[in-house]
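Engineer: Quick one: structure below, then a few questions.
The values are calculated or read from the model by the stated rules, or taken from the named source; none is laboratory data. All values derive from a computational prediction rather than experimental measurement. Cβ placement follows ideal geometry from the backbone for every residue including glycine, while neighbour counts extend to all protein chains displayed. Heavy atoms of the whole protein, side chains included, go into the accessibility calculation; ligands, DNA and RNA do not. Shrake-Rupley method; radii C 1.70, N 1.55, O 1.52, S 1.80 Å.
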Amino acid sequence: LPFPALFPPTFVTNFNRSRTAETTVEAEWLHHITFEGDHWKNVFTAGYLFERDHVAFRDFSTSANFGFLPPLHSSVSATRNRNASYYQDQITLWDRLFLNAGFRADQESQESNRILPGTTMRIHSKTDSLYGIEYTPRFSAALDLPEVHAKIHGAWSRNFHAPTFADLYFPGFSNEALQPETARSAEGGVTLGFLDGRVGGDVTYF
């Protein structure tokens, strides 16, 4: 104890026990349709993804009670369902121009049951649309110039990443108020080859 003059000598055994169980079930359907001509090719892709995540955190601790306070209990049981549909169109022209356009829509639902640390209070929450519908497009293009052993390429996309269950609920190291991460990215560059492709390099600005 930090203040032996205030507390009589005693033997205190601190004990911590935590348990985490996580399961994921995933099902996906994917289909390609190809159209071809003399100098062009078009590959259209469509898909659907269902993902179900379940996690259970349980924590028991006496490390913060100095031997004379009740032990701290906490538990979380949460389930998240994700429905996503996505589409992509890849076009090749004259075997040198490559165009790609992709689009994905995600919607998540979540249900959780929690016992707050140090209490017997149970909190139940459920939402059918956790963050609304999130749209993430992506576009890219590349031009192959075999005459000069070079390729010009560029891309633009929007990204979305929801906080994980550990980010939201892990006992003592989480924040339930976290919001999804979103970002937009763009890049462009050129790939060069020398000595008949035996030496090469790429310069990209992003």
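Engineer: Along Cα→Cβ, 7 Å out, is where each label goes; now give me the distance between the ones at ASN175 and ASP196 in nm to one decimal.
Structural biologist: 5.8
Engineer: Pull out the extension gain between LEU143 and LEU30, defined as 0.36 nm times the separation in residues minus the alpha carbon to alpha carbon distance; nm, one decimal. List each step's numbers first, then the result.
Structural biologist: Values: separation 113, 0.36 × 113 = 40.68 nm, distance 2.78 nm.
The LEU143-LEU30 span can extend by a further 37.9 nm.
Engineer: Just to be sure I understand the model, the point goes 7 Å from the Cα along the line to the Cβ. What's the resulting GLN107 to HIS54 distance in nm?
Structural biologist: Here the modelled spin labels are 2.3 nm apart.
Engineer: Report GLU176's accessible area, 1.4 Å probe, all protein chains in place, as a number in Å² to the nearest 10.
Structural biologist: 100
Engineer: Still on this model: So what is the orientation-averaged projected area of segment 107-190, using the convex hull of its C-alpha atoms, in nm²? Could the numbers behind the result be given before it?
Structural biologist: On the way: hull surface 30.7 nm².
If I average the Cα hull's projected area over directions, I get 7.7 nm².
Engineer: Tell me, what is the 1.4 Å probe accessible area of THR79, in Å² to the nearest 10?
Structural biologist: 30
Engineer: Another question, if that's okay. Run through segment 103-200 and list the chymotrypsin sites (Phe, Trp or Tyr not before Pro) located in a DSSP loop whose Cβ has at most 11 other Cβ atoms within 10 Å.
Structural biologist: Working: sites: PHE103, TYR131, TYR135, PHE139, TRP156, PHE160, PHE165, TYR169, PHE173, PHE194; in loops: TYR131, PHE173.
Sparse-neighbourhood loop chymotrypsin sites (Phe, Trp or Tyr not before Pro): PHE173.
Engineer: THR45 to ASN16: extension gain in nm, 0.36 nm per residue of separation minus the Cα-Cα distance?
Structural biologist: Values: separation 29, 0.36 × 29 = 10.44 nm, distance 5.02 nm.
Full-extension gain reported as 5.4 nm.
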